[in-house]
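Q: My questions will all concern the structure given below.
The values are calculated or read from the model by the stated rules, or taken from the named source; none is laboratory data. Computed from a prediction, not measured in an experiment: that's the story for all the values here. With ideal geometry, Cβ positions are generated from the backbone for all residues, glycine too; neighbour counts draw on all protein chains shown. Heads up: the accessible areas ignore ligands, DNA and RNA and are worked out on the full protein's heavy atoms, side chains in. Shrake-Rupley method; radii C 1.70, N 1.55, O 1.52, S 1.80 Å.
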Amino acid sequence: MSDQGWNVIRECNVTAIRKASRRLTQLYDEALRPVGLRSTQYSVLAELTANAGNPPTMRQLADSLIMDRSALGHAVRPLVRDGLLALEEGQADRRSRLISVTPKGRNLFRRAQLSWQEVQDYVAAAMGDEQAENLRTVMLAVAGNDRLRSLSN
């Protein structure tokens, strides 16, 4: 590979983020496998558990997770099928679907938190607490920056 090609890869934000995301996703998926979850499903359960009294619509949940609705549907479908999440018609708009965690889902989430914490501790030990915290801070700053929603902003 030419030096120019290597520099493009090395300086590309999305390549770096995707590589890191794949590495971390592999670790979280491995840890969550015994409880029957993937990291994306754990994120859905965590988001819904944190907002337990106020079930969002599927669109609101997708926006909150910065996730495509079809990808969210793939993550949610088995959780609904297994009774971990419930979908119900919206009160104001019957076409909208509200999504919430069932008691069974809350129990599984609590069990999964132990596996999640193992990976959190493992990453912090491998990177150092400060660097792991800095990583989360930068990534959350990127995720929360409204100017980065679209090139047309």
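Q: Mind jotting down a quarter of the surface of the convex hull over the alpha carbons of the chain, in square nanometres, one decimal? Display every interim value, and only then the final one.
A: Numbers: hull surface 48.2 nm².
If you wrap the Cα atoms of the chain in a convex hull and average its projections, you get 12.0 nm².
Q: Go through R59, R149 and list them by solvent-accessible area, largest first, probe radius 1.4 Å. Mind showing how you got there, number by number?
A: Working: R59 130, R149 190 Å².
The most accessible residue leads, giving R149, R59.
Q: Name the most mobile residue of R97, R136, R69, meaning the one with the largest mean-square fluctuation, in a Gaussian network model of the chain with Cα contacts below 10 Å.
A: Highest fluctuation among the options: R136.
Q: Toward the positive end of the charge dipole of the chain, about the Cα centre and with charges on Cβ (Lys, Arg +1; Asp, Glu -1), which of H74, N134, Y122 goes farthest?
A: H74
Q: What is the helix-to-structure angle for 103-127, meaning the angle in degrees between its Cα long axis and the longest Cα principal axis of the chain, kept from 0 to 90 and rounded to the nearest 10?
A: 10
Q: State, to one decimal in nm, how far the label point of N54 lies from the label point of Y122, with both points 7 Å from Cα in the Cβ direction.
A: 3.5
Q: P(r) for the stretch 14-65: what percent of alpha-carbon pairs falls in each 10 Å bin, starting at zero?
A: Per 10 Å bin, starting at 0, the Cα pair percentages come out as 23, 39, 33, 4.
Q: Which of T40, T137, T102 moves most in a GNM of the chain, Cα contacts under 10 Å?
A: T137
Q: What net charge do the residues around F109 carry, taking every other residue with its C-beta under 14 Å from that of F109, with Lys and Arg at +1 and Asp and Glu at -1? Kindly include the intermediate steps, with their values, before the conclusion.
A: On the way: positive: R38, K104, R106, R110, R111; negative: E47, D82.
Surrounding charge for F109 is +3.
Q: May I pose another question? Using a Gaussian network for the chain with springs between C-alpha atoms less than 10 Å apart, which of these wobbles most: A112, A16, A31?
A: Result for the chain, Cα springs under 10 Å: A16 fluctuates most.
Q: Expressed as an acute angle from 0 to 90° and rounded to the nearest 10, what is the orientation of the C-alpha long axis of helix 129-144 relative to the principal long axis of the chain?
A: Between helix and principal axis, roughly 70 degrees.
Q: Next question. Work from the charge dipole of the chain (Cβ charges, +1 for Lys and Arg, -1 for Asp and Glu, about the Cα centre) and give the residue of S39, S100, T25 farthest towards its positive end.
A: The Cα lying farthest towards the positive end belongs to S100.
Q: I would also like to ask the following. So, in Å, what gap is there between the alpha-carbon centers of the stretch 48-81 and the stretch 99-153?
A: Centre-to-centre distance over Cα atoms comes out at 15 Å.
Q: Work out how much length E89 to Q26 would gain on full extension: take 0.36 nm times their residue separation and subtract the Cα-Cα distance, in nm to one decimal. Intermediate values should be presented prior to the final figure.
A: Values: separation 63, 0.36 × 63 = 22.68 nm, distance 3.50 nm.
Once the chain is fully extended between E89 and Q26, it gains 19.2 nm.
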